[in-house]
Structure formats: structure tokens, C-alpha cells
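I have placed the structure first, in the form of C-alpha cells, so that the comments after it can refer back to it.
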Amino acid sequence: MLISSIFSLFLVGISAQPGMSADIRRVAAAADYIQIQAGPEPSPHFGASQCRSIADLSASSRPVFNTAENGEWECSYQLEYSETGHTPSLFIQIRGIEPGVWSSFRIKLNFGSLLSRQVLGARAANLVNLLVGTNNPLGNLEAVLATGRELEITFDDVTLKYQQERLDPNRFNLFGSKKLSRQKPE
């Protein structure tokens, strides 16, 4: 059992950080559910300046950061990469219910060639690391995303879910959510 678990971790490209234990459960064919048990680390601050920082300097579009009166906010950004026959793209949507703290995100990957899988996988992995910090137990997230292998992982009160969109082998969604403890007014 232990050998098959280690082998499964190798196939998915997952490595747990020291001091963490991984619990992998098969959800469906070509999909894994992983639960990491470790002490929660706070996620890095995310606000308007961090939203602007995700811009691709070669793109004409820029991220948009909107806030509501109740403190909720959203950062959204669409990146398109030119390629023959198909336009690979990355759509990013990050939301929060209090200033500086994200509560959920969605990264939509629209793959084209193998090269675009590598580029978009790397870009999405960098965004995940920006949001969840360095305590991410997936050792090579960009490779996992590029392969298109569905997964669900929970660690530090964060859940990441990566799944194919509508049976299209070129479209995937990476969802992230975080359990937030709302401070009660005194």
C-alpha cells in the first residue's frame, strides 16, 4: 500500500513538505484527492497592488481590481497568447470578502499546443504560489496542471480543485477556496 501511494505521488508530481502527511484517495479515473495535515500558515496579503502585479508586460490588457462598499473585492484578468489555429488563454478571477484576504479564485486555462500547456501551467502555478504562499505541498504544480490530470487537494484551510471543462481536453478550471474566520464585531 505504501509503495503504491509513493508511486501515485510520483505519477502526479506531488511531494509533501517536511512535517506534512498526505492522504490520497482515488476520486475517479485520472483524478486524485489529497489532504495534507499541517499547521495552517497565513496566506500572503493580496490587494490592488498585487492584482496589478500579475499583469503580463507584453499584453495590452491589464488586471482590473474592483471593491464594493461592504469590503468585498475582485481582481480579474484575461491573457491571450497568439498561436496558429487556436488562441490559448488564461482567465484569472480572485475574490475576497475583506481587504487584503482572498476567499476564492478561479484560473481558467485554455490550452493550445504542448508549449502553451507548459507556459500556461507555469503561469497558473506562479499565481497559486502568490496566493497560498510557499507552503504549497504540490512539488511541481505547473507539470500537474500542464498534464491535465484532475485533482483535489486540501491543505492549510485551502482547497484546490483542478478539473476539465465540459469534456474539452484543452479547457481546464483551477478553483481555490479558503476557509475564513470572520471576526465578530465587539
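If you go through region 98-111 one residue at a time, do you hit one that is outside any helix (DSSP H, G or I), in contact with a His (Cβ under 6 Å, 6 or more places away or on another chain), under 22 Å from ASP56 (Cβ atoms) and not β-branched (Val, Ile, Thr)? Before the answer, list the steps.
Taking region 98-111 as the starting set, the residues that turn out to be outside any helix (DSSP H, G or I) are 98-111.
Restricting the remaining residues to those that are in contact with a His (Cβ under 6 Å, 6 or more places away or on another chain) gives 100.
Still in the list and also under 22 Å from ASP56 (Cβ atoms): none.
No, that holds for no residue.
Here is a list: PHE175, PHE105. Which entry is buried (at least 21 other Cβ atoms within 10 Å of the Cβ), modelled with pLDDT of 90 or more, under 24 Å from ALA55 (Cα atoms) and not basic (Lys, Arg)? Break it down into steps so the answer makes sense when it comes.
Details: PHE175 fails: buried (at least 21 other Cβ atoms within 10 Å of the Cβ).
The unique qualifying residue is PHE105.
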Task: Output for region 86-97, where each listed residue is among the aliphatic types (A, V, I, L, M), farther than 13 Å from VAL119 by Cβ and part of a strand (DSSP E or B) - done: ILE92, ILE94
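Could you count how many residues in region 69-94 are out of contact with any Phe, Trp or Tyr (no Cβ under 6 Å at 6 or more places or on another chain), within 22 Å of VAL128 (Cβ to Cβ) and either modelled with pLDDT of 90 or more or open to solvent by less than 60 Å² (accessible area, probe 1.4 Å) (or both)? Can you show your working first?
Residues of region 69-94 that are out of contact with any Phe, Trp or Tyr (no Cβ under 6 Å at 6 or more places or on another chain), as a first pass: 69-74, 76-77, 79-87, 89-91, 93.
From what is left, the residues that are within 22 Å of VAL128 (Cβ to Cβ) are 72-74, 76-77, 79-81, 89-91, 93.
Checking which are either modelled with pLDDT of 90 or more or open to solvent by less than 60 Å² (accessible area, probe 1.4 Å) (or both) leaves us with 72-74, 76-77, 79, 81, 89-91, 93.
Qualifying residue count, region 69-94: 11.
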Task: Among (1) at pLDDT 90 or above; (2) part of a loop (DSSP other than H, G, I, E, B) - the single one LEU160 does not satisfy - done: (2)
Open item on the list: Please go through region 51-68 and give me each residue that is at pLDDT below 90, open to solvent by 50 Å² or more (accessible area, probe 1.4 Å) and either of a type outside the set (A, V, I, L, M, F, W, C) or assigned to a strand (DSSP E or B) (or both), ordered by number.
Closed with: ARG52, SER53, SER58, SER60, ARG62
Open item on the list: Going through GLU165, GLU152 one at a time, which residue ends up being open to solvent by 20 Å² or more (accessible area, probe 1.4 Å), over 12 Å from the mean Cα position of the chain (by Cα) and not polar (S, T, N, Q)?
Closed with: GLU165
Task: Condition broken by GLY71, with the remaining ones in (1) part of a loop (DSSP other than H, G, I, E, B); (2) at negative phi satisfied - done: (2)
Open item on the list: Any residue in region 121-133 that is within 15 Å of ASN110 (Cβ to Cβ) and aromatic (Phe, Trp, Tyr) sitting within a Cβ distance under 9 Å of a residue that is open to solvent by 10 Å² or more (accessible area, probe 1.4 Å) and assigned to a helix (DSSP H, G or I)? List the pairs, counting only those 6 or more apart or interchain.
Closed with: none
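The values are calculated or read from the model by the stated rules, or taken from the named source; none is laboratory data. Just so it is clear, the model here is predicted, and its values are computed rather than measured. Here Cβ is always computed from backbone atoms with ideal geometry, including for glycine, and neighbour counts include all displayed protein chains. Note: areas computed on protein heavy atoms with side chains; ligands, DNA, RNA excluded. Shrake-Rupley method; radii C 1.70, N 1.55, O 1.52, S 1.80 Å.
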